[in-house]
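Throughout, read-outs are computed from the coordinates displayed, never taken from laboratory work. This one's a predicted model, so the numbers in the text were calculated from it and none came from an experiment. With ideal geometry, Cβ positions are generated from the backbone for all residues, glycine too; neighbour counts draw on all protein chains shown.
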Amino acid sequence: MYGKFFEEDNFDSYDCSRCKFGYKGDNCTERQHYVRREILSLSPEERTRYIDNLHKAKFSRSERYVILIVDRDKPLNKNETLKFENASVYDLFVWVHYYAGKAPAGGGQRNAAHQGPAFPFWHRNYLLFMEREVREITGDENFFIPYWDWTKTDYCNICNNDFFGARFDLKMESRTFSAAMHNLVHDYFNGTMSDVPIAANDPLFMLHHAMIDKIYEAWLLKHPDMKYPIDDAIPPIQQHDAFMRPFIPPVLNDYLVGVTAEALGYRYE
Ligand SMILES: [Cu+2]
């Protein structure tokens, strides 16, 4: 699972027991087609099902992963060993982002997923990963992460009891997408979502990232020949031939370069 998306066969997972993104069926030959819709367009029943699925993810133990609970930045004391803990699927999702958001050992501020060219690919892989895990534990094959289109509003129009509960009533400063917009939306929320490493705790985080992915998709369709930059100035952790951490099975940072949502089995409404 190291190469480019289109160069691989259709199997995935550490034991090749699952299909790679965009494929389904016993032999992973069927194409997947699903639509990520805007959260506000979901019916009350669809919304309830989405929240119920997240609840199940919160309370269902991941069968495949355990989480490291020792701070890997500190050297282990004598007789101390690495410790792992079982985790729910949702906790796993939070942990993966937390781990990727930590600055790498050995210095440098940039981490595996942010402030560099890996950003759109890492987060795309991440949302697909979460959707697949939730589908498996809930049995809801149609589960998808909706997006929240914050360009259509200047306040948090889903911060109410119909959706995710009330928040601080702040005005968003800008509706223009920029490199900083991702962080601006994080900051807007205070609470967990404003702390990027643990932002995934907040269910709004997924909707926000689905929106970022939707914007990336629009850009990608206009730039189908995009290339991953090759430049010594890019920190080692985000180089094209470094592993996209901490996904298992390992893929390289440029694995999803130029791969459209359609190729990955989904589209945006
Ligand atoms: Cu992130």
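What to note about this one:
- Length gained when the stretch GLU45-ASN86 is fully extended (0.36 nm per residue, less Cα-Cα span): 11.6 nm
- Segment ASN77-TYR34, extension gain: residue separation times 0.36 nm, minus the distance between their alpha carbons: 10.6 nm
- Sum of side-chain charges, GLU217 neighbourhood, beta-carbon under 11 Å (Lys, Arg +1; Asp, Glu -1): +3
- Residue exposure proxy: HIS97, HIS55, HIS223, HIS123, ordered by other Cβ atoms within 10 angstrom of their Cβ from fewest to most, comes out as HIS223, HIS55, HIS123, HIS97.
- Going from the fewest other Cβ atoms within 10 Å to the most, the residues PHE143, PHE119 appear in the order PHE119, PHE143.
- Over all other residues within a Cβ to Cβ distance under 9 Å of ALA261, the charged ones net out to +1, with Lys and Arg as +1 and Asp and Glu as -1.
- Checking the cross-link pairs LYS24/LYS58; LYS24/LYS152; LYS56/LYS214; LYS4/LYS24; LYS56/LYS227; LYS56/LYS78 against a 29 Å limit on the alpha carbon distance flags LYS24/LYS152; LYS56/LYS227; LYS56/LYS78 as lying beyond it.
- Each residue, LEU68 and ILE230, gets one label point 7 Å from its Cα in the Cβ direction; the gap between the two is 3.0 nm.
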